[in-house]
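Only one structure is covered here, and it is reproduced in the block below.
The values are calculated or read from the model by the stated rules, or taken from the named source; none is laboratory data. No experiment lies behind these values; they were computed from the predicted model shown. Cβ sites come from the backbone with ideal geometry, for glycine too, and all protein chains shown count toward neighbours.
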């Protein structure tokens, strides 16, 4: 079956190969300087370290908003690739770029199967050169696979509608891996169910195999819960308590802003108003999250709404059943996400972040390419002028982007701190309201000198080779990671540390303080 699937992917046109290679290289541009490594990635890195160094294979993966962990397949993949790069998470930047390259390949074949080679080519161009897409593709986390998984799902569903039922096996694997990698891919499961209900009836054999494959994906979780008195599944009780308490999120959106969230967020795939700081772009801080969406370009928002409107009109008006199916496959996930996002924001008062839409980005490029080509097919000079303008503007944004807490500065800061403590015991603290949990604990491990106590011990102790020390070391390393919204508490804490500072050095926006704690003045956070 896999040989037949492989035969589908015939050699790509040279021009498409060149675009994909260019897109891949753009995602490696200034990799060390711009690579993002914070708390979420730090957990995965420690898990990967345990796989290679301690030979511990996890049975659970990342935790969901339901307080229930997923299966560990993404952790296994991440741990394997981390080991290939000698436990240096910077290697994940290369892995993420390779995932993006694979996504572009599948995008071309998917768009070609849905429409034609021209639409497929434009879709790949928009994906390869979109600054916003580049931003997401540089970030190695569970969502790195979302675009690839959404395209594989659409491609498999297209083949299944065409009665090629063997693709149900691949679809089952894609949906299972996606669900256990990032819960937001549940929209792909919903889309598949809708397609099966409205477009095609699976033969009983394929239907049962789909359920079996997806069900087997939960085996590691069942094994974990059996060994640990069902502690994982019991986490859902905490979520139910939170729902009953009706605790709102920290981002206070108006109903109108919630309803417009999807088009405003998707508009950034076309144009970002200014070349941003990647630390702000990836931040969960409400001030930055709101600012990202509020800065979306109004003209780009109009383009997004125009794309959806024309696509819906084309879906209802076309007499071509194949084209109608293509629109159906693209619009069902988008509409499902819109309904889900709006309900989550309006009814549950949940926080809305733009990365929730990463599954939709490649699908939007296909629809955008279709609409653009339909409108300007006879004005090819204007069409190519728009494409060239898109590429130029997005390349300029990439050239000017920065990351105030990028990997290079972090590495230099940690290495300098290690030289200053001079093999003596030390503790570690990081201050900053938005950027405190910034991956430093693992970097001290990676570069050869771990703190005996640190500010993340409460969450990470089970990942260490040795438990934290009982006594407080006489030296304290403090790393200041200020945001643009620090309050008086931050500056008071900073001044307190500064009074006992014996050495200090800045690395970009990062400042490292070596603090004399021989009098044990600083104990409360450890």
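Please indicate, with yes or no, whether at least one residue in region 140-154 is closer than 20 Å to residue 78 by Cβ and outside any helix (DSSP H, G or I).
Checked region 140-154: at least one residue is closer than 20 Å to residue 78 by Cβ and outside any helix (DSSP H, G or I).
Quick check on residue 297: is it assigned by TED's automatic domain parsing to the domain that holds residue 186, free of Cβ contacts under 8 Å to residues at least 40 places away in the same chain and surrounded by 15 or more Cβ atoms within 10 Å (Cβ to Cβ)?
Against the criterion (assigned by TED's automatic domain parsing to the domain that holds residue 186, free of Cβ contacts under 8 Å to residues at least 40 places away in the same chain and surrounded by 15 or more Cβ atoms within 10 Å (Cβ to Cβ)), residue 297 qualifies.
May I ask you to say which residue of 39, 75, 29 is closer than 25 Å to residue 392 by Cβ and touching a helix residue (DSSP H, G or I) at 6+ places or on another chain (Cβ under 9 Å)?
29
Which count do you get for residues in region 199-218 that are touching a residue at least 60 places away in the same chain (Cβ under 8 Å) and over 30 Å from residue 327 (Cβ atoms)?
Count: 2.
For residue 75, all conditions in the list (1) in contact (Cβ under 8 Å) with a residue 60 or more places away in the chain; (2) closer than 30 Å to residue 230 by Cβ hold save one; what is the number of the exception?
Checking residue 75 against (1) in contact (Cβ under 8 Å) with a residue 60 or more places away in the chain; (2) closer than 30 Å to residue 230 by Cβ, the one that fails is (1).
Could you tell me which of the residues 128, 101, 113 is out of contact with any strand residue (DSSP E or B) (no Cβ under 6 Å at 6 or more places or on another chain) and crowded, with 22+ Cβ neighbours inside 10 Å?
Exactly one of 128, 101, 113 is out of contact with any strand residue (DSSP E or B) (no Cβ under 6 Å at 6 or more places or on another chain) and crowded, with 22+ Cβ neighbours inside 10 Å, namely 128.
Before we move on, is residue 158 assigned to a loop (DSSP other than H, G, I, E, B) and under 27 Å from residue 99 (Cβ atoms)?
no
Which of the helices (runs of 4 or more DSSP H) found entirely inside region 314-406 contain at least 2 residues meeting this: assigned by TED's automatic domain parsing to the domain that holds residue 121, within 30 Å of residue 509 (Cα to Cα) and out of contact with any strand residue (DSSP E or B) (no Cβ under 8 Å at 6 or more places or on another chain)?
380-400
Which residues, counting only those in region 469-497, are in contact with a strand residue (DSSP E or B) (Cβ under 7 Å, 6 or more places away or on another chain) and surrounded by fewer than 17 Cβ atoms within 10 Å (Cβ to Cβ)?
469
For the structure I just gave you, tell me whether residue 412 is closer than 30 Å to residue 133 by Cα, surrounded by fewer than 21 Cβ atoms within 10 Å (Cβ to Cβ) and modelled with pLDDT under 95.
It is false that residue 412 is closer than 30 Å to residue 133 by Cα, surrounded by fewer than 21 Cβ atoms within 10 Å (Cβ to Cβ) and modelled with pLDDT under 95.
Being surrounded by 18 or more Cβ atoms within 10 Å (Cβ to Cβ), at pLDDT 95 or above and either closer than 30 Å to residue 195 by Cβ or under 20 Å from the mean Cα position of the chain (by Cα) (or both) is true for just one of 364, 444. Which residue is that?
Selected residue: 364, the only one of 364, 444 that is surrounded by 18 or more Cβ atoms within 10 Å (Cβ to Cβ), at pLDDT 95 or above and either closer than 30 Å to residue 195 by Cβ or under 20 Å from the mean Cα position of the chain (by Cα) (or both).
Is there any pair with a first residue in region 335-348 that is within 17 Å of residue 361 (Cα to Cα) and a second that is assigned to a loop (DSSP other than H, G, I, E, B) whose Cβ atoms are under 6 Å apart and which are 6 or more apart or on different chains, and what are they?
337/360
Restricting to region 453-463, and then to whatever is out of contact with any strand residue (DSSP E or B) (no Cβ under 6 Å at 6 or more places or on another chain) and surrounded by 16 or more Cβ atoms within 10 Å (Cβ to Cβ), can you tell me which residue is nearest to residue 45 (Cα to Cα)?
463
So how many residues does region 504-518 have that are modelled with pLDDT of 95 or more, surrounded by fewer than 16 Cβ atoms within 10 Å (Cβ to Cβ) and either in a loop (DSSP other than H, G, I, E, B) or in contact with a helix residue (DSSP H, G or I) (Cβ under 7 Å, 6 or more places away or on another chain) (or both)?
Total meeting the criteria: 1.
List the residue pairs whose Cβ atoms are under 9 Å apart, where the first residue sits in region 42-69 and is in contact (Cβ under 8 Å) with a residue 60 or more places away in the chain and assigned by TED's automatic domain parsing to the domain that holds residue 466, the second is surrounded by fewer than 16 Cβ atoms within 10 Å (Cβ to Cβ) and part of a loop (DSSP other than H, G, I, E, B), and the two are 6 or more positions apart or on different chains.
Nothing qualifies.
Does residue 521 qualify as being without any contact (Cβ under 8 Å) to a residue 60 or more places away in the chain, assigned to a helix (DSSP H, G or I) and over 29 Å from the mean Cα position of the chain (by Cα)?
no
Give the residues of region 462-494 that are within 30 Å of residue 58 (Cβ to Cβ) and either part of a strand (DSSP E or B) or in contact with a helix residue (DSSP H, G or I) (Cβ under 7 Å, 6 or more places away or on another chain) (or both), sorted by residue number.
Correct list: 463, 467, 468, 477, 479.
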